[in-house]
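First comes the structure, then the notes that go with it.
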Amino acid sequence: MNTDIRIATSFKGHRKRKKLEKILGPSASGNLIDLWITVAQGNPEGKLVGWDEDDIAYSGNWDGDSKEFVNALIACKFLKESDAGCYEIHDWCDHQGYACKAKDRSEQAKKAAEVRWKEKRK
């Protein structure tokens, strides 16, 4: 499981953040970051397969209307609907490359451990 995410220093004044806060209020950035953290922990590739608007809102600790939150995230291009019909974080792997490759790293670590154990048993 991932234990961190990366947030560029440019996020502080980014137009997408300002637009989101204009639509949903000044706390919306915190809700977005909460969503990102939840995604990094459980969906490190940024694809929210099986998630609906309520799941997204709950993950972002959004107390308002779930559809309003999701629609604002889509309008600001933080979230998109994929061709497969599920939600995904826009450009997640570009901005969260370490988190995005978590499953690959885990598999490589397991294989390396198996090799080490086999060699120790010889």
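Before moving on, here are some points about what is shown:
- Hydrodynamic radius (Kirkwood) for the chain, which is based on Cα pairs only, to one decimal in Å: 15.6 Å
- Between the Cα long axis of helix 102-121 and the first principal axis of the chain there is an angle of about 10°, rounded to the nearest 10.
- The angle separating the long axis of helix 66-75 from the principal Cα axis of greatest extent in the chain is about 80 degrees.
- Helix 28-42 and the longest principal axis of the Cα set of the chain meet at an angle near 20°.
- Pair residue 19, residue 41: separation of 7 Å Cα→Cβ label points (nm): 2.9 nm
- Of the cross-linked pairs 67/101; 19/101; 19/67; 22/67; 19/103; 47/111, those separated by over 22 Å at the C-alpha level are 67/101; 19/101; 19/103; 47/111.
- For region 40-95, alpha-carbon Rg over 2.2 N^0.38 Å: 1.04
- On the beta carbon distance between residue 9 and residue 84, with R0 = 41 Å, the FRET formula returns roughly 0.80.
- Candidates 37, 56, 95 compared by Cα position along the dipole of the chain: farthest toward the positive end lies 95, with charges placed on Cβ.
Where a number appears in this text, it was derived from the coordinates with a stated rule and is not lab data. Remember, it's a predicted structure, so these values are computed and weren't measured experimentally. No Cβ is skipped: glycine too gets one built from the backbone with ideal geometry, and neighbour counts run over all protein chains shown.
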